[in-house]
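S.K.: Let me begin by handing over the structure; questions about it come next.
None of the figures in this text is laboratory data; all of them are computed from the coordinates on show. A quick note: this is a predicted structure, and the numbers were derived from the prediction, not measured. Positions of Cβ are generated from backbone atoms using ideal geometry, with glycine treated the same way; all protein chains shown enter the neighbour counts.
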Amino acid sequence: MEIQEITVQELKEKKENNEDFFLLDVREDVEYLVSNLDGHHIPLGQLKNRIGEIEEHKGDDVYVMCRSGNRSSKAASILSNNGFENVYNLKGGMKAWAKEIDPSTPVA
C-alpha cells in the first residue's frame, strides 16, 4: 500500500487554519528537543510498543514526520498496518520545514 504524502506548505496551511489533525513526530529524543512542531513524540523504534497511546486517532488525519521523511514513511506504514486509515508522510520532514517554511528552525 502506498503511503500518501503532505507537503510542508500544506501542513503550514492546516496549522494556520487550526484544522483538525494529529501530528506524530518519530524522531529521536535529542532531535525533538532541538526543534519540533508540537507533534506527539514517539521515536520510530518505540512506535510498535507504544501504538496504544495514539489509538484514539485512528479515524483522524494523521501526519507523520521525522528529519527527512524516511523514518516517517516507515512509521506511516506501521500505522496503516494497525488500522489507521488516513495516514500521511510529511515530505522532506524537518529539513524541508526549515528550508521552505522557517529558516530559523534548527535541524538536529
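S.K.: Could you run the Karplus curve 6.51 cos²θ - 1.76 cosθ + 1.60 with θ = phi - 60° over the range 25-38 and give me ³J(HN,Hα) per residue in whole Hz, x for Gly and Pro?
M.R.: 9, 10, 6, 6, 3, 5, 5, 5, 5, 5, 6, 7, 10, 6
S.K.: Here's something else I'd like to know. If amide hydrogens are placed 1.01 Å from N in the peptide plane, which non-local residues have theirs closer than 5 Å to the one on Q4?
M.R.: Result for Q4 returns N89.
S.K.: Right, here's the next one. Compute and list, largest first, the equivalent-ellipsoid semi-axes of the chain from the alpha carbon gyration tensor, each √(5λ) rounded to a whole angstrom.
M.R.: On the way: eigenvalues 82, 49, 30 Å².
Equivalent ellipsoid semi-axes, largest first: 20, 16, 12 Å.
S.K.: What nm distance separates the two modelled labels at E5 and L33, each placed 7 Å from Cα along Cα→Cβ?
M.R.: The two pseudo-label positions are separated by 3.2 nm.
S.K.: In percent, what relative contact order does the chain have, based on Cα pairs under 8 Å that are 6 or more apart in sequence? Display every interim value, and only then the final one.
M.R.: On the way: 183 pairs, mean separation 37.5, N = 108.
About 35 percent, as a whole number.
S.K.: Can you give me the angle between helix 70-81 and the longest principal axis of the chain, using Cα atoms only, in degrees from 0 to 90, rounded to the nearest 10?
M.R.: 30
S.K.: What lysines sit close enough to K58 to cross-link, taking a C-alpha to C-alpha distance under 28 Å and skipping anything fewer than 8 places away on the same chain?
M.R.: Those lysines meeting the cut-off are K12, K14, K15, K48, K74, K91, K95.
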